[in-house]
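Data block below; observations after.
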Amino acid sequence: MKLSILSLCFITMSVQWACAQQPKSNPSATEQEITHLSKKKWLWMSDKNVDSLNVLFNEKSMFVHMGGSWGKEQEINVIKSGGIWYKKAEVYTVIINIIGNTAILLNDIDLVAVVGGNEVINPFMVTEVYIKENGKWKMGSLTFSKLMRPVKLNSDSK
């Protein structure tokens with residue numbers, strides 16, 4: 001009897017966890033807008049388009065990397081100088097939660113970057129936080145959390 005109850009609890013928790021981790025099959029218009037904005041942001045970072053990023057990043061935005069954390073001005077300077085070149089972000093899944101005027105995205109990515117002149121590929125879960133201000137979405141935070149999974153990106157698609 002105890003085994004049956006434990007098994008049922010385990011199955012229920014597994015199904016709930018699996019469902020919570022899956023992106024929606026039919027996202028809302030707001031979710032589509034944020035997903036599109038996030039994709040543009042990855043392109044702007046790759047192209048070192050600091051003018052567009054400067055508009056996107058909130059003045060108080062924060063950025064967390066493997067090597068440190070800083071605000072908008074330093075992030076713009078790091079991108080502009082090539083200190084970090086976000087060469088390519090291969091995005092596998094995007095999970096979005098909208099809470100009032102805040103959108104939180106979780107992106108499972110492989111990032112090809114040039115850091116200190118060396119090209120590296122890392123698997124990350126990237127958390128993006130956007131806040132809607134005066135009818136426009138602004139980035140409030142970008143955090144890179146290194147994943148323990150192997151890199152999925154094959155060398156031909158760099």
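Read the figures in this text as sums done on the coordinates, not as results from a lab. Keep in mind the model is a prediction, meaning the values are calculated, not measured. No Cβ is skipped: glycine too gets one built from the backbone with ideal geometry, and neighbour counts run over all protein chains shown.
Quick look at the values:
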| quantity | calculated |
| --- | --- |
| Stokes-Einstein translational diffusion, region 21-158 - Kirkwood Rh over all Cα pairs, 1.567 mPa s, 4 °C, in µm²/s | 84 |
| Residue-span extension gain [Glu59 to His36] - 0.36 nm each, minus C-alpha spacing | 6.1 nm |
| Karplus-derived 3J(HN,Hα), 6.51/-1.76/1.60, for each residue of region 88-102, Hz, glycine and proline x | 7, 10, 8, 8, 9, 9, 10, 10, 10, 10, 9, 10, x, 9, 10 |
| Tensor-based shape of region 37-94 (alpha-carbon gyration tensor, a/c under 1.5 rounded, otherwise prolate or oblate) | rounded |
| Gain in span if fully extended, Gln74 to Asp47, counting 0.36 nm per residue against the direct Cα distance | 8.0 nm |
| Fewest-first ranking of His36, His65, using other Cβ atoms within 10 Å as the exposure measure | His36, His65 |
| For region 76-156, convex hull of alpha carbons as volume per residue, Å³ | 112 |
| HN-Hα J in Hz across region 38-50 - Karplus 6.51, -1.76, 1.60, θ = phi - 60°, x for Gly and Pro | 5, 4, 4, 4, 4, 5, 4, 5, 5, 7, 6, 7, 5 |
| Residues Tyr130, Tyr86, Tyr92 arranged by fewest to most Cβ contacts within 10 Å | Tyr92, Tyr86, Tyr130 |
| Fewest-first sequence of Met148, Met45 by Cβ atoms within 10 Å of each Cβ | Met148, Met45 |
| Under 5 Å, built H, 5+ apart or other chain: amide partners of Phe57 | Met139 |
| Inter-label distance, nm, simple model (7 Å from Cα along the C-beta direction), Thr143/Val120 | 1.9 |
